[in-house]
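*Asks:* Structure incoming, see below.
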Amino acid sequence: MDSDANLLVSTSWKAPGRARREIVMRLRRLGDDAPLVSQTDRKGVMTVRTALNPREAIHRLRAVHRDAPGAFRYTFKWVPVDLWSPPDRESLRQAVARLRDRIAPGERWRITVERRSAGSPPVPQVIASVADLVDRKVDLTHPDKILLIELFERSAALAIVTPPEIFTPAAGPRNHGCDAHRSAPAPPSIRE
């Protein structure tokens, strides 16, 4: 996995080539001539090393989505990555200790853990091992900041983000101010 990647993108696992092209095309449109996209050990998740500021790129991708919602057909979630760490307890604690000052006094926060591998530690265990490192008020529904931990078998991606720094093109109006959406009802076999 690319330990210099500064974006993590959830993609269509049925069309990885198209997802990769979509990522490259969107970032080139924003000014990165050579983003490096790599498949992780988990289908449907790619790492991206971009020369752009990842948070600014996500902000600009939102504008692209507002103007052309169909531009995102194979990518479903874009998140910045602040650092990579081994997924063991002590390494995660060290990584969170490096990031925790990004949650200012008075800001409310929560932890979101995405377990991307059966070989990674269980979510409750990860939360219990790092939560005591951030001495701020917890708010599970309306946090100012989110400590994101994406767990893979041999690594973990971490970031401290605000809710708008998580870009989910398919989310439509719930997408932090994005008023365009492309959702369709589920087929009857899925709704039942």
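FYI, it's all coordinate maths here, none of it is from the lab. Because the structure is predicted, anything quoted here is derived from the model rather than measured. With ideal geometry, Cβ positions are generated from the backbone for all residues, glycine too; neighbour counts draw on all protein chains shown.
*Asks:* Viscosity 1.306 mPa s, temperature 10 °C: Stokes-Einstein D of the stretch 1-81 from its Kirkwood Cα radius, in µm² per second?
*Replies:* This corresponds to a translational diffusion coefficient of 129 µm²/s.
*Asks:* While we're looking at this one, here's another question. Using each residue's phi in the stretch 89-105, evaluate 6.51 cos²θ - 1.76 cosθ + 1.60 at θ = phi - 60° and report the 3J(HN,Hα) Karplus result to the nearest Hz, with x for Gly and Pro.
*Replies:* Result, ordered by residue: 3, 5, 5, 5, 4, 5, 5, 5, 4, 6, 9, 4, 5, 6, 9, 6, x Hz.
*Asks:* Determine, for each peptide in 61-67, 134-140, the mean count of other beta carbons within 10 angstrom over its residues, then list the peptides with the highest first.
*Replies:* In decreasing order of mean packing, 61-67, 134-140 become 61-67, 134-140.
*Asks:* Related question: Would you calculate the separation in nanometres between label points at residue 15 and residue 68, each defined as 7 Å from the Cα along the Cα-to-beta-carbon direction?
*Replies:* It works out to 1.5 nm between the two label points.
*Asks:* Follow-up. Relative to the present Cα-Cα distance, how much length would full extension add between residue 142 and residue 56 at 0.36 nm per residue of separation?
*Replies:* Length gained, residue 142 through residue 56: 28.7 nm.
*Asks:* Can you list residues whose amide H is under 5 Å from residue 6's amide H, if they're 5+ apart or on another chain and H is modeled 1.01 Å from N?
*Replies:* Under 5 Å from the amide H of residue 6 lie the amide H atoms of 48, 49, 50, each far enough along the sequence or on another chain.
*Asks:* Apply the Kirkwood formula to the chain: the hydrodynamic radius equals the inverse of the mean of 1/r over all pairs of different alpha-carbon atoms; give it in Å with one decimal.
*Replies:* 17.4
*Asks:* Give me the orientation-averaged projected area of the Cα convex hull of the stretch 83-160, in nm², one decimal.
*Replies:* Computing the convex hull of the Cα atoms and averaging its projections yields 4.5 nm².
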